[in-house]
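Some notes on the structure that comes next.
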Amino acid sequence: MAKAEKKNGGDLGFEAELFKTADKLRGNMEPSDYKHVVLGLIFLKYISDAFDEKHKLLLSEGSGTAEDRDEYAADNVFWVPKDARWAQLQANAKLPTIGTLIDDAMRAIENDNESLKGVLPKDYARPALNKIMLGELIDLISKIDLMAGGDHKSKDVLGRVYEYFLGRFAGAEGKGGGEFYTPRSVVRVLVEMLEPYSGRIYDPCCGSGGMFVQSENFVREHGGRIGDIAVYGQESNYVTWRLAKMNLAVRGIDSDIRWNNEGSFHKDELRDLKADFILANPPFNISDWGGERIRDDVRWKYGVPPIGNANFAWLQHIIHHLGPSGTAGVVLANGSMTSTQSGEDVIRREMVEQDVVDCMVALPGQLFYSTQIPACLWFLARNKNPGKGLRDRRGSILFIDARKMGVLVDRVRRELTDKDVERITNTYHTWRGEADCGEYTDLAGFCRSVPLAEIAKHGHVLTPGRYVGSEAVEDDDEAFEEKMQLLTEKLAEQMTQGNELDALIRKKLAGVGYAI
């Protein structure tokens, strides 16, 4: 088991100030449009820096291969034509034609790199885009290396800045932002629970690719080899697919991400894929998913999903694509745990009885940019038999109630802390019986391992709160007295006005033995 900890791949320390400065340049431009302007430039800076690094290395070796494109392709480095390199754009940043120069650079890069065809934004020359702002953005992005300091490689820094900006733009867009971005703390729980060290990783609705970035981070930070995992995904929104392709490219992640405008249900681009790990955050409660057109489908093993809600279509699509020992983590609306509408309870019952549900986690509210709908995590397993260092989990499901976790990071949004992630994931790994994890025990109010027979008695409802019970309250008179003493001392310091309310408080406290 890999213990969750503060990640080396976390924030670098200057991203917030960088984003604030970039946001000031936005003016009246909508965040949904502005993000493509900024992220496209960060991507351009990234591939140019990666190219320059490799170019200098080849020149220093004196091999005469600095202009050999195969040398770059061998290291997954994009070829950048001379006029498209960042230094060229930076030198011309103050020209009124800078928008055209950027568009030309993007086209030249796409022409020379097949995998980037149709990915890069190419509308910087449009009249509505302020060219002075563009020049200032180029200057700002050029300073990222200096802001990060000399301990980081430029391209690694730019990858982390790209990811940070994705999150901030999702917050700025509000509801629309959640369509392409899953909060990092939620992704961390999924990744730390599944531990994708090696094998095939799949996301059928991959958004901007955050699941893959965190999976790669996990492997790298725990001593694994990046080449041991293969990344596959589908995304129906073309604009979001472009963000994903750039996000993975700036992290150096080799992937097979398909743009599929018909969606994973109706045109399964990866029909034969059997994945070792699936991580997904499908859109919640989608009613117009076209379910009436695919009532008879091999994926509906546990029951035909209702036309008016895609939640159980996503779950069954995901189970269908799991390999024989595959595991999955899926974010869904809380209603999926209890719904009895249109046969959803029958599908949930079959999934429980067929023993493919491994763990359920209830999440705190306010985690997502796009919705205030309470969410949960489903963890699925095709094989709960003992083996590969795991105990026999057949016939039981682990329930974790994490609704009280997290801290507010602004007025409307909450994040899970490092300690929260560690507690949730360590509980799961201990319950699975992983080596060096200690012995699992139920903890009232937080976690409980429940036999399927008991779940059946509750109508196959999967809400953790129904099973974990209430948190035990310690009867600690000394602790209570200490807290009351501190409280009365603080009140005494503040109650100096001598008004009627102060007098009433003094009287009430004195009546229970705590005179001020």
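The values are calculated or read from the model by the stated rules, or taken from the named source; none is laboratory data. Just so you know, these numbers come straight off a predicted model, no measurement behind them. Note that each Cβ is placed from the backbone with ideal geometry, even for glycine, and that neighbours are counted across all protein chains shown. In case anyone asks, the SASA skips ligands and DNA or RNA and just uses the protein heavy atoms, side chains included. Shrake-Rupley method; radii C 1.70, N 1.55, O 1.52, S 1.80 Å.
Taking Cα atoms only, the orientation of helix 15-24 departs from the longest principal axis of the chain by about 70 degrees.
What the phi angles of region 390-399 give under the Karplus curve with 6.51, -1.76 and 1.60, with θ = phi - 60°, is a coupling list of 10, 7, 6, 10, 4, x, 8, 9, 8, 10 Hz, glycine and proline written as x.
Projecting the Cα atoms of Pro306, Tyr232, Ser336 onto the charge dipole of the chain, computed from C-beta unit charges around the Cα centre, puts Pro306 farthest toward the positive end.
For region 336-421, taking Cα atoms only, Rg and Dmax work out to 15.8, 46 Å respectively.
Between the amide H of Ala230 and those of Gly199, Arg200, Ile201, distances stay under 5 Å, these residues lying 5 or more places away or on another chain, with hydrogens modeled in the peptide plane.
Could you sort Ile141, Ile307 by accessible area so the largest value comes first, with the probe set to 1.4 Å? Mind showing how you got there, number by number?
Working: Ile141 10, Ile307 75 Å².
These residues rank, largest area first, as Ile307, Ile141.
Figure note: Ser396, Ser255 ranked by solvent-accessible area, largest first, 1.4 Å probe, ligands and nucleic acids not counted: Ser255, Ser396. On the chain, 48 percent of the accessible area sits on carbon and sulfur atoms, based on a 1.4 Å probe.
What you get for the chain, charging only the Cβ of Lys and Arg (+1) and of Asp and Glu (-1), is a dipole of about 820 debye around the Cα centre. Ordered by 1.4 Å accessible area with all protein chains kept, Lys24, Lys45 run largest first as Lys24, Lys45.
Set the bar at 24 Å for Cα to Cα. Now go through Lys56/Lys94; Lys117/Lys267; Lys24/Lys245; Lys24/Lys419; Lys35/Lys143 and name every pair that lies beyond it. Intermediate results must be reported in sequence, preceding the final value.
Values: Lys56/Lys94 27 Å; Lys117/Lys267 21 Å; Lys24/Lys245 27 Å; Lys24/Lys419 34 Å; Lys35/Lys143 19 Å.
Over 24 Å apart, Cα to Cα: Lys56/Lys94; Lys24/Lys245; Lys24/Lys419.
Per the Kirkwood formula applied to alpha carbons, the chain shows a radius of gyration over Rh ratio, Rg over Rh, of 1.04.
For region 370-411, the residues whose backbone nitrogen is under 19 Å from a point 7 Å from the Cα of Glu30, taken along Cα to Cβ, are 370-371. A straight chain from Arg107 to Asn92 at 0.36 nm per residue would run longer than the Cα-Cα distance by 3.6 nm. Any chance you could give the angle, 0 to 90 degrees and rounded to 10, that helix 31-61 forms with the longest Cα principal axis of the chain? Approximately 60 degrees, to the nearest ten.
Each residue of region 111-127 was assigned a 3J(HN,Hα) from its phi angle through the Karplus curve 6.51 cos²θ - 1.76 cosθ + 1.60 (θ = phi - 60°); the sequence is 5, 9, 9, 4, 5, 9, 4, x, 9, 7, x, 9, 10, 6, 8, 4, x Hz, with glycine and proline shown as x. Rounded to the nearest whole Hz, the Karplus-based 3J(HN,Hα) values (6.51 cos²θ - 1.76 cosθ + 1.60, θ = phi - 60°) of region 313-318 follow the sequence 6, 4, 4, 6, 4, 5, with x at glycine and proline. Close amide H contacts of Ala375 (hydrogens built in the peptide plane, cut-off under 5 Å, sequence separation of 5 or more or a different chain): Asn334, Leu363. When each of the peptides 77-85, 386-394 is scored by the mean number of other C-beta atoms lying within 10 Å of its residues, the order from highest to lowest reads 77-85, 386-394.
Under 5 Å from the amide H of Arg258 lie the amide H atoms of Gly233, Gln234, Glu235, each residue being 5 or more positions distant or on a separate chain, with H modelled from the backbone and absent for Pro and chain starts.
Calculated accessible area for the chain comes out at 46 Å² per residue, all protein chains present (probe 1.4 Å; ligands, DNA, RNA ignored). Against the empirical curve 2.2 N^0.38 Å, the C-alpha radius of gyration of region 66-120 lands at a ratio of 1.21. The angle between the Cα long axis of helix 344-353 and the main principal axis of the chain comes to about 80°, on a 0 to 90 degree scale.
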